[in-house]
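A.B. asks: One structure coming up, written as C-alpha cells, with questions to follow.
Read the figures in this text as sums done on the coordinates, not as results from a lab. Since this is a predicted model, take the numbers as computed values, not measurements. Quick reminder, even Gly has a Cβ in these numbers, built from the backbone with ideal geometry, and neighbours come from all protein chains shown.
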Amino acid sequence: MNRGFEQDGDAIVNVLPLPVITVDAEGLITQANIAAESFFETGLNLLRRQRLSELLPFGSPVIALVEEVRQRGASVSEYRVDIGSPRLGGSRIVDVFATPLAEPRGRVVLMLQERTIAEKMDRQLTHRGAARSITALGSMLAHEIKNPLSGIRGAAQLLEATANENDRLLTRLICDESDRIVKLVERMEVFGEERPIERGPVNIHDVLDHVKRLAVSGFARHIRFVEEYDPSLPPLYGNRDQLIQVLLNLVKNAAEAIGPDAVDGEITLATAFRPGVRMQIRGSEERLSLPLEIRVRDNGPGVPQDLLPNLFDPFVTTKAQGTGLGLALVAKVIGDHGGIVECESAPRRTTFRLLMPMLLAHDGRATRT
C-alpha cells in the first residue's frame, strides 16, 4: 500500500471523535486512535501491551463479538453493551461496530460509540429544569420568608431586654434560628438572579491553580493534588468568579468525600480538548460546541448509584449536615454558561466533568492562549 495513503489513513482515524482500536488474532491491541486513548485513559504504548480481555470487564460480550467477526469474516454490530468496570468508571454503555481486516488475517477493527453521551444530554435538560424551578423558589423565599423573619427576630430582641436569664436563652434561640434560616434563604437567593452574566476570556488553568491554592491552605491540606493539564487549551468563554465558585465547590465536595482521616486522599484536576460535543442553546436553533473538558476526580468512597440521576437536583445530598444546594448551584452556573456538568462514580473513582464553550475570535476561529 502507498505509504502516503497509510499516513493519510492514520490522520483520518485520529481525528475521528469515536474510539477505534485494532485487535490481532491473539487478542492483543495493535493500534488505537486518540479518542480511544482518551476513552480508556491510557496511552497508546500501554494499550499495545494489553489484550482486549484485560481492557474490558470479565466476560464482556465484546470478546465474543470479535470472535464472531473472525469466524464469519464479516462486519458485526452490537448495541447497548455495558463495558463499565472499576477501571473505566461506573456504567459505560456503548454501541460496538466490529469489522475484519483482510491483512493480516485475524485482525479486527472495533469502533465504540458511547450511548451515555446522548443520555447525558437528556439529563442536562432535567438539570436545567431543576435550576429554573429553584430560581423561582429562591425569588419567592427571599420575599415571603426574609421579611417575616426580620420581624420575628426584632420582637425576640425586644423581649430579651426585659427577660430573665431562662427566657433570654429562649429569645437567643429564636434569634439564632432566625439567622440560620436567613443564611439558607440567602443561599437560595443566588438562584433567583436572572441578570446576564459578564463573560470574557478565562484561562481555566489559572482558575484551577487558584482553587488548588485555596484548598491546600485550608480544607484539603491533607490531600495530594494531581494535575493533568492540556497546555494547549484555548481560553474558555465564561465568568472567572463564577467558575472559581463552581470548581471550589467541586473540590470541597471531593475533599469531604475523602474525609479528614484519609492517608492516601487524592484529587485529580484535569483538562482536555474534546471536539465533537454540541449542545443546543435554550430558546435558539443554534448549537454550541463544547470542546473544553474540565475534570475533578477523587478517590473517595463514591456516590450511591441511586442518587446519581438526581445528584444535581436541589436538596439532594449525601452529607448528614448538607443542604443539597451546592451541586444545584453548580448545575445552574454551568447551564448559564451553556455548558454541561456530569458525574460518574465508582468506589475510589468519582469524576465530575464539565464540558464548556471556548472563546471564539470574531471570524469564528478558536483563540489560543
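A.B. asks: By its C-alpha gyration tensor, with a ≥ b ≥ c as the square roots of the eigenvalues, how is the range 212-256 shaped: rounded for a/c under 1.5, else prolate for a/b larger than b/c, else oblate?
C.D. replies: Since a/c reaches 1.5 but b/c is at least a/b, the shape of the range 212-256 is classed as oblate.
A.B. asks: Let me ask something else about it. Gain in length, residue 166 to residue 51, computed as 0.36 nm per residue apart minus the alpha-carbon separation, to one decimal in nm? Kindly include the intermediate steps, with their values, before the conclusion.
C.D. replies: Values: separation 115, 0.36 × 115 = 41.40 nm, distance 7.42 nm.
In short, 34.0 nm is gained.
A.B. asks: In addition: Could you please report the charge total around residue 208, scoring K, R as +1 and D, E as -1 over all other residues with beta-carbon less than 11 angstrom from its beta-carbon? Provide the component values of the computation, followed by the final result.
C.D. replies: Working: positive: 212, 213, 295; negative: 206, 209, 227, 228.
Taking every Cβ under 11 Å from that of residue 208, the sum is -1.
A.B. asks: Moving to a separate point now. Can you list the residues, at least 5 places off or on another chain, whose amide H is less than 5 Å from the amide H of residue 274, using H built in the peptide plane?
C.D. replies: Correct list: 292, 293.
A.B. asks: Once amide H atoms are placed 1.01 Å from N in the peptide plane, what residues at a sequence separation of 5 or more from residue 30, or on another chain, have their amide H within under 5 Å of its amide H?
C.D. replies: The list, which skips near neighbours in sequence, is 22, 23, 24.
A.B. asks: With r as the distance between the Cβ atoms of residue 203 and residue 30 and R0 = 56 Å, compute the FRET efficiency 1/(1 + (r/R0)^6) and round to 0.05.
C.D. replies: Working: r = 39 Å, r/R0 = 0.69.
Calculated transfer efficiency: 0.90.
A.B. asks: Still on this structure, I have one more. Determine the sum of side-chain charges near residue 169: Lys and Arg each +1, Asp and Glu each -1, restricted to other residues whose C-beta is under 11 angstrom from that of residue 169. Write down the numbers at each step before the final one.
C.D. replies: Numbers: positive: 168, 172; negative: 160, 165, 167, 176.
Summing Lys/Arg as +1 and Asp/Glu as -1 gives -2.
A.B. asks: Then there's this: Would you mind counting up the charge near residue 240? Only other residues with Cβ under 12 Å from its Cβ, with Lys and Arg at +1 and Asp and Glu at -1.
C.D. replies: Details: positive: 199; negative: 198, 206, 241.
Taking every Cβ under 12 Å from that of residue 240, the sum is -2.
A.B. asks: First measure r as the distance between the Cβ atoms of residue 272 and residue 182, then evaluate 1/(1 + (r/R0)^6) with R0 = 51 Å and state the FRET efficiency to the nearest 0.05.
C.D. replies: Numbers: r = 42 Å, r/R0 = 0.82.
Once the sixth-power term is evaluated, E becomes 0.75.
A.B. asks: Additional query: Between residue 105 and residue 228, what FRET efficiency follows from the Cβ-Cβ distance if R0 is 41 Å, with the result rounded to 0.05? It would help to have the intermediate numbers written out before the result.
C.D. replies: Numbers: r = 39 Å, r/R0 = 0.95.
About 0.60, to the nearest 0.05.
A.B. asks: Taking a virtual spin label 7 Å from the Cα of residue 175 along the C-beta vector, which residues in the range 145-167 bring their backbone nitrogen under 15 Å of it?
C.D. replies: Residues 150-167 fall inside that zone.
A.B. asks: Can you give the extra length, in nm with one decimal, that the chain gains between residue 158 and residue 214 once fully stretched, where that is 0.36 nm per residue apart less the Cα-Cα distance?
C.D. replies: On the way: separation 56, 0.36 × 56 = 20.16 nm, distance 4.13 nm.
Here the segment from residue 158 to residue 214 would lengthen by 16.0 nm.
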